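Below you'll find the structure, written out as structure tokens, and then a few comments.
No lab work stands behind these numbers, since they all come straight from the coordinates. In this text, all values refer to a predicted model and were calculated from it rather than measured experimentally. Reconstructed Cβ throughout: ideal geometry from the backbone, glycine too, with neighbour counts over all protein chains shown.
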Amino acid sequence: MDWVKEFYSKQNEWFGIYLGKIEESHHKRAWLVQEFGQLKGTVNILELGAGGGQTAAAIANLGHNVTMIELLPDSVECARNFAGQLKHGSLDVIEGDFYETDFDQQFDLICYFDSFGIGTDDDQKKLLGRINSWLKPGGKVIIEIGSTWFWARAAGKEIDLGGAMRAYDFDCRGSRLIDKWWLPENPEEVYFQSLRCYTPADLEMLLKNSGLKLAEILAGGTIDFEIMEFLEKSDLENAMTYFVLLDKI
């Protein structure tokens with residue numbers, strides 16, 4: 001997992017991806033947490049790998065008490081600025097690695113977007129066990145997972161991001177998305193993320209002995225590569241990611 005800090009730091013350096021304002025997409029994700037998580041009243045929520053805190057702040061503004069953890073110092077600073085501007089709820093920002101950090105409380109709901117699949121299956125099992133230990137009895141988990149079928153089809157696609165290039169590859173043996181970024185003037189210097197993708201059946205095997213069980217699946221959006229456009233709604237067979245709701249056993 002040596003690539004993690006370097007890759008996400010480059011995304012911030014080149015595009016400020018995790019340093020921007022709270023946008024409509026973050027509010028939509030907050031409502032996904034509210035509705036898919038079946039939340040009632042004010043609850044305590046933990047977001048893992050929360051970037052600049054845009055989604056965490058949007059969730060807090062729905063009236064919840066949110067704790068977020070993020071690895072990159074500049075993203076943490078951005079999140080702390082949002083925490084000081086909340087109109088509702090609360091946001092506690094922690095700088096750290098959620099594979100190593102422990103929390104002094106338990107949560108009603110834990111969410112993790114965009115980056116599930118870092119490391120090996122054993123790393124995911126370790127993380128799921130840790131998540132279970134942080135959950136209150138009756139607690140729930142929302143995780144966004146890369147779909148094996150979409151990213152296998154996307155292999156070889158290249159995108160001009162306007163300032164940087166992006167290309168997708170897929171490791172069929174390891175079932176991993178390889179997402180490569182580079183500057184056009186320096187094509188030899190490539191930064192990448194490598195994320196393990198899972199089918200729902202794979203996920204259920206991963207969940208064995210985790211203390212968690214699969215309750216629901218919700219399809220995420222998709223990319224139409226013909227018109228180079230992200231489509232918010234998709235059926236599961238075309239979705240680039242899907243969301244799972246897990247219950248504590």
(request) List, in the order given, every pair from LYS21/LYS140; LYS208/LYS248; LYS28/LYS125; LYS5/LYS248; LYS208/LYS233; LYS5/LYS233 whose Cα-Cα distance in the structure shown is over 20 Å. (result) LYS21/LYS140; LYS28/LYS125; LYS5/LYS248; LYS208/LYS233; LYS5/LYS233
(request) With r as the distance between the Cβ atoms of GLU185 and ASN209 and R0 = 51 Å, compute the FRET efficiency 1/(1 + (r/R0)^6) and round to 0.05. (result) 0.55
(request) Specify the inter-centroid distance of the range 108-138 and the range 193-249, based on alpha-carbon positions, in whole Å. (result) 14
(request) Order by neighbour count: GLU95, GLU237, fewest other Cβ atoms within 10 Å first, most last. (result) GLU237, GLU95
(request) Highest first, please rank the peptides 181-190, 215-224 by the mean number of other Cβ atoms sitting within 10 Å of their residues. (result) 215-224, 181-190
(message) Sort PHE7, PHE243 by Cβ crowding within 10 Å, fewest neighbours at the top.
(response) PHE7, PHE243
(request) Quote the FRET efficiency, to the nearest 0.05, computed for ILE249 versus ILE159 with a Förster distance R0 of 41 Å and r equal to the Cβ-Cβ distance. (result) 0.50
(request) List MET68, MET228 from most exposed to least, where exposure is judged by having the fewest other Cβ atoms within 10 Å. (result) MET228, MET68
(request) Obtain the nm distance between the two label points defined at LEU218 and LYS28 by a simple spin-label model: each point lies 7 Å from its Cα along the Cα-to-C-beta direction. (result) 1.2
(message) To the nearest 20 Debye, how big is the dipole of the chain about its Cα centre, given +1 on the beta carbon of each Lys and Arg and -1 on that of each Asp and Glu?
(response) 860
